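S.K.: The structure is given below, and queries will be raised subsequently.
The values are calculated or read from the model by the stated rules, or taken from the named source; none is laboratory data. It should be emphasised that the depicted structure is a prediction, and the values quoted were computed from it without experimental measurement. We place every Cβ from the backbone using ideal geometry, glycine too, and count neighbours over all the protein chains shown. Side chains are part of the model used for accessible areas, which takes the heavy atoms of the whole protein and leaves out ligands, DNA and RNA. Shrake-Rupley method; radii C 1.70, N 1.55, O 1.52, S 1.80 Å.
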Amino acid sequence: MTTNTASGAWDCHFHILDAAAPVVANAVIANRTASCDDYRTVTAGIGLTRGVLVQPSLYGGDHTVLLRALAELGADYRATGVITPDVDRDALSAWHEAGMRGVRFNQVQAGATQIADMAKTAALIRDLGWNLELHLPARELSRHHEMLADLGVPLVLNHLGRCRPGHGPDLEALLRLYELPHVWVKLSGPYHEDVDDLSWAHSLDVAKRLIAADSSRLIWGSDWPHVTESKSPDFSKLLSFIRTAAGDETVLRRIMSENPQTLYR
């Protein structure tokens, strides 16, 4: 495991894009093409054999690109979509059969969903065994703590919980929420909070704090194709980040293989 990832490793956060697909009116990220073949090329030889496609904010609730990519990638892949509380139940069942296992609430590139709808959405997906995925700045976690604590479905926080460097209350709010047994965190996007520091030292510290608290509810994702970044990080650096954070092979295997198998079964 010194060169590749753990056997049967998952990439729990990546996007497939199609430049020809329609985008929402308020899209804050430029559309382009990042195909399944492009993803396979970037990840060739690394050992990532399973994964989770995540609906990008610029497509809103239109899952055309997502479902097409999910079918192309095959049965070893799952998806996280975007829905609203008025979603058709038959559509949910069809998406479940296709491999969807979660619903995303992106409150950073906001517009497609409202955090006020999370409790209603949780009730819709509870019987399906899906999770709710939340992309929210850590400074806002305390304000929503009571609602997030009472969802009744697994809650997955994106991108290390988006704690700002040097803001102790951010990390305190994240760790307090992570004490709850239904809360998971993606150790993805370490570059998001280290805009001026390419060492990702702050994100590494956050990851180590979460691992020390409980490594059984942590997963990893590449965030490919890194739509927020002017220059894409090397995949090797992303893998080095999670290996360094894990510290040993047992924890690395847990994060990369065992935990996602539990969450996305």
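S.K.: Looking at (1) farther than 22 Å from Val227 by Cβ; (2) among the aliphatic types (A, V, I, L, M); (3) outside any loop (DSSP other than H, G, I, E, B); (4) open to solvent by less than 60 Å² (accessible area, probe 1.4 Å), find the lone condition where Ala116 falls short.
M.R.: Evaluating Ala116 over (1) farther than 22 Å from Val227 by Cβ; (2) among the aliphatic types (A, V, I, L, M); (3) outside any loop (DSSP other than H, G, I, E, B); (4) open to solvent by less than 60 Å² (accessible area, probe 1.4 Å) leaves (4) as the failure.
S.K.: If you take the residues in the stretch 123-140 that are within 17 Å of the chain's Cα centre (by Cα) and among the aliphatic types (A, V, I, L, M), which one is farthest from Pro260 (Cα to Cα)?
M.R.: Ala138
S.K.: Being more than 30 Å from Arg32 (Cβ to Cβ) and more than 18 Å from the chain's Cα centre (by Cα), is that true of even one residue in the stretch 233-241?
M.R.: Checked the stretch 233-241: no residue is more than 30 Å from Arg32 (Cβ to Cβ) and more than 18 Å from the chain's Cα centre (by Cα).
S.K.: Hey, another quick one. Out of the residues in the stretch 75-94 that are surrounded by fewer than 21 Cβ atoms within 10 Å (Cβ to Cβ) and under 17 Å from Pro260 (Cα atoms), state the one that is farthest from the chain's Cα centre (by Cα).
M.R.: So in the stretch 75-94, the residues surrounded by fewer than 21 Cβ atoms within 10 Å (Cβ to Cβ) come out as 75-76, 84-94.
When the remaining residues are screened for being under 17 Å from Pro260 (Cα atoms), the result is 75-76.
Working: Ala75: 19, Asp76: 17 Å.
Once the filter is applied, the top-ranked residue is Ala75.
S.K.: Considering the stretch 33-70 alone, what residues qualify as being in contact (Cβ under 8 Å) with a residue 60 or more places away in the chain and open to solvent by 30 Å² or more (accessible area, probe 1.4 Å)?
M.R.: Once the filter is applied, which keeps residues that are in contact (Cβ under 8 Å) with a residue 60 or more places away in the chain and open to solvent by 30 Å² or more (accessible area, probe 1.4 Å), the stretch 33-70 yields Asp38, Val42, Arg50.
S.K.: If you don't mind, another one. Within the stretch 180-232, track down each residue that is under 17 Å from the mean Cα position of the chain (by Cα) and polar (S, T, N, Q).
M.R.: Of everything in the stretch 180-232, those that are under 17 Å from the mean Cα position of the chain (by Cα) and polar (S, T, N, Q) turn out to be Ser188, Ser203, Ser215, Ser216, Ser222, Thr228.
S.K.: Across the stretch 179-192, what is the number of residues that are open to solvent by less than 10 Å² (accessible area, probe 1.4 Å) and over 21 Å from Thr244 (Cα atoms)?
M.R.: Result for the stretch 179-192: 1.
S.K.: I've got another one for you. Consider the stretch 31-64. How many of its residues are under 16 Å from Asn106 (Cβ atoms) and part of a helix (DSSP H, G or I)?
M.R.: 3
S.K.: Now for a different question. In the stretch 143-174, what residues are in contact with a helix residue (DSSP H, G or I) (Cβ under 8 Å, 6 or more places away or on another chain), part of a helix (DSSP H, G or I) and surrounded by fewer than 16 Cβ atoms within 10 Å (Cβ to Cβ)?
M.R.: Residues satisfying the conditions are His145, Met147, Ala149, Pro169.
S.K.: Can I ask one more? Those residues that are among the basic types (Lys, Arg) and open to solvent by less than 40 Å² (accessible area, probe 1.4 Å), I need them from the stretch 211-245; list them, please.
M.R.: The one that is among the basic types (Lys, Arg) and open to solvent by less than 40 Å² (accessible area, probe 1.4 Å): Arg217.
S.K.: If I filter the stretch 246-254 for residues that are surrounded by fewer than 18 Cβ atoms within 10 Å (Cβ to Cβ) and either within 16 Å of the chain's Cα centre (by Cα) or among the acidic types (Asp, Glu) (or both), do I get at least one hit?
M.R.: The answer is yes; a qualifying residue exists.
S.K.: Pairs under 6 Å by beta carbon, first residue in contact (Cβ under 8 Å) with a residue 60 or more places away in the chain in the stretch 151-165, partner open to solvent by less than 10 Å² (accessible area, probe 1.4 Å) and of a type outside the set (Gly, Ala, Ser), six or more apart or different chains?
M.R.: The qualifying pairs are Pro154/Asn131; Val156/Asn131; Val156/Glu133; Asn158/His135; Asn158/Lys186.
S.K.: Moving on. Restricting the search to the stretch 124-135, which residues are open to solvent by 10 Å² or more (accessible area, probe 1.4 Å) and either touching a residue at least 12 places away in the same chain (Cβ under 8 Å) or in contact with a Phe, Trp or Tyr (Cβ under 8 Å, 6 or more places away or on another chain) (or both)?
M.R.: Across the stretch 124-135, the qualifying residues are Leu124, Arg126, Leu128, Gly129.
S.K.: Quick check: anything in the stretch 216-231 assigned to a helix (DSSP H, G or I), in contact (Cβ under 8 Å) with a residue 24 or more places away in the chain and closer than 30 Å to Leu128 by Cβ?
M.R.: Yes: the stretch 216-231 contains one or more residues that are assigned to a helix (DSSP H, G or I), in contact (Cβ under 8 Å) with a residue 24 or more places away in the chain and closer than 30 Å to Leu128 by Cβ.
S.K.: Against the conditions (1) open to solvent by less than 30 Å² (accessible area, probe 1.4 Å); (2) of a type outside the set (Lys, Arg); (3) modelled with pLDDT under 95, where does Val28 fall short? Just the number, please.
M.R.: Tallying (1) open to solvent by less than 30 Å² (accessible area, probe 1.4 Å); (2) of a type outside the set (Lys, Arg); (3) modelled with pLDDT under 95, Val28 fails exactly one: (1).
S.K.: If Glu97 satisfies every condition in (1) closer than 23 Å to Leu132 by Cα; (2) assigned to a loop (DSSP other than H, G, I, E, B); (3) open to solvent by 40 Å² or more (accessible area, probe 1.4 Å) but one, which is the exception?
M.R.: Here Glu97 clears every test but (2).
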